[in-house]
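Undergrad: My questions all concern the structure below.
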Amino acid sequence: MENIGAIITSYRKKAHISQTELAGRLQEEGIEVTQKSVSAWETGRNEVSARIFLHICRILEIPDCLEEYFGSNPKDPLSMLNDEGKQKALSYIDMLVHPVSYVKRTHLIPYPAAPVDSPSMTRLRLYDARVSAGHGDFLDSDYYTTIEVPARDAKGADFAVTISGDSMEPAFHDHDMVYVHQQETLDDGEIGIFSLNDNAYIKRLKNDSDGTFLISLNQNYAPIPVHLDRDDFRIFGKVCRTNR
């Protein structure tokens, strides 16, 4: 199994594209990233989202992302061939395509670009750090991308993050993306995004006469006590929706 960062690095260098140029190409497709974001993906400091990775595959002309990641793709017959065999198969495909007798009609029609400023869509910052695994300073960094999401789903949200782990199951799952309303306070029992001693979490806040705790919905995880007198504790916002 190949590392995604290594895949991006390999194909970027093969295409003779710098990290800054790759970030610029992504920006042209409406994904607001920086050279620092590309560097963080390639070194494994942050995880690239599936949506952005698909854009990268198109820009860098990665023919089969499943084969690159897993080493093979059983659904793609070309994956079973060596380089010489692939060239022969592609030559035959090219012969079928010219003339266009065997080409699907949909492939003859240019795919229309989605409107950038559609009133039904809104833009959110999706931070690269994964909560419950990332550092608690992510909200102060520029390691984020700008994504377009349905306005009705992101109502009240200011940014989005991706969950790591199963501590908030069954309500939230590993790799779920959640929309967050940025605010510095939460009421007892509300679910939010927190930073505790430089670690980022998604948890339910327990704040009563027993003290302050970060509570997991998965009962296999113990409550995390918060010592307000000595811990570095911040509330980033309230989780308002999961995009699953």
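The values are calculated or read from the model by the stated rules, or taken from the named source; none is laboratory data. What you are looking at is a predicted structure, and each value in this text was computed from that prediction instead of being measured. No Cβ is skipped: glycine too gets one built from the backbone with ideal geometry, and neighbour counts run over all protein chains shown.
Undergrad: Looking at Gln19, Gln27 in this structure, which one is in contact with a Lys or Arg (Cβ under 9 Å, 6 or more places away or on another chain) and farther than 21 Å from Leu139 by Cβ?
TA: Gln19
Undergrad: If you don't mind, another one. Checking Tyr143 against (1) out of contact with any helix residue (DSSP H, G or I) (no Cβ under 6 Å at 6 or more places or on another chain); (2) surrounded by 17 or more Cβ atoms within 10 Å (Cβ to Cβ): exactly one of these is not met. Which one?
TA: Tallying (1) out of contact with any helix residue (DSSP H, G or I) (no Cβ under 6 Å at 6 or more places or on another chain); (2) surrounded by 17 or more Cβ atoms within 10 Å (Cβ to Cβ), Tyr143 fails exactly one: (1).
Undergrad: Here's another thing I want to ask about it. Starting from the stretch 27-41, take each residue that is assigned by TED's automatic domain parsing to the domain that holds Ile56 and list its partners that are surrounded by 15 or more Cβ atoms within 10 Å (Cβ to Cβ) and part of a loop (DSSP other than H, G, I, E, B), counting only C-beta distances under 6 angstrom and pairs at least six apart or across chains.
TA: Ser37/Tyr143; Ala40/Asn46; Ala40/Tyr143; Trp41/Val48
Undergrad: Shifting gears a bit: Check whether at least one residue in the stretch 38-61 is at pLDDT below 85, outside any helix (DSSP H, G or I), aliphatic (A, V, I, L, M) and more than 15 Å from the chain's Cα centre (by Cα), and report yes or no.
TA: No, there is no match, as no residue in the stretch 38-61 is at pLDDT below 85, outside any helix (DSSP H, G or I), aliphatic (A, V, I, L, M) and more than 15 Å from the chain's Cα centre (by Cα).
Undergrad: Also: Mind listing whichever residues of the stretch 220-244 are assigned to a strand (DSSP E or B), out of contact with any Leu (no Cβ under 6 Å at 6 or more places or on another chain) and touching a residue at least 60 places away in the same chain (Cβ under 8 Å)?
TA: Arg234, Gly237, Val239, Cys240, Arg241, Thr242, Asn243
Undergrad: Still on this structure, I have one more. Can you find, within the stretch 30-68, the residue that is surrounded by the most Cβ atoms within 10 Å (Cβ to Cβ) among those that are among the charged types (D, E, K, R) and within 29 Å of Thr122 (Cβ to Cβ)? Full working, then the answer.
TA: Of the stretch 30-68, the ones among the charged types (D, E, K, R) are 32, 36, 42, 45, 47, 51, 58, 61, 64, 67-68.
Right, trim to within 29 Å of Thr122 (Cβ to Cβ) and you get 32, 36, 45, 47, 51, 58.
Details: Glu32: 16, Lys36: 17, Arg45: 16, Glu47: 19, Arg51: 14, Arg58: 12.
Here the residue is Glu47.
Undergrad: Continuing with this model, one more query. Got a sec? Which of Gly156, Gly165 is small (Gly, Ala, Ser), surrounded by fewer than 17 Cβ atoms within 10 Å (Cβ to Cβ) and assigned to a loop (DSSP other than H, G, I, E, B)? Please lay out each step first, then the result.
TA: Working: Gly165 fails: surrounded by fewer than 17 Cβ atoms within 10 Å (Cβ to Cβ).
Testing whether each residue is small (Gly, Ala, Ser), surrounded by fewer than 17 Cβ atoms within 10 Å (Cβ to Cβ) and assigned to a loop (DSSP other than H, G, I, E, B) leaves just Gly156.
Undergrad: Right, another one. Take the residues of the stretch 180-219 that are acidic (Asp, Glu) and touching a residue at least 24 places away in the same chain (Cβ under 8 Å): which is farthest from Val239 (Cα to Cα)?
TA: Checking each candidate, the answer is Asp198.
Undergrad: Let me ask something else. Scan the stretch 168-185 and give yes if some residue there is of a type in the set (Ser, Thr, Tyr) and under 23 Å from Phe53 (Cβ atoms), otherwise no. Full working, then the answer.
TA: Of all residues in the stretch 168-185, those of a type in the set (Ser, Thr, Tyr) come to 179, 185.
Now narrow it down to the ones that are under 23 Å from Phe53 (Cβ atoms): 179.
Yes, because at least one residue in the stretch 168-185 is of a type in the set (Ser, Thr, Tyr) and under 23 Å from Phe53 (Cβ atoms).
Undergrad: Would you tally the residues in the stretch 197-217 being more than 22 Å from Ala160 (Cα to Cα) and part of a loop (DSSP other than H, G, I, E, B)? Reasoning before the result, please.
TA: Within the stretch 197-217, the subset more than 22 Å from Ala160 (Cα to Cα) is 206-213.
Applying the additional criterion that residues be part of a loop (DSSP other than H, G, I, E, B) yields 209-210.
Counting residues in the stretch 197-217 that are more than 22 Å from Ala160 (Cα to Cα) and part of a loop (DSSP other than H, G, I, E, B) gives 2.
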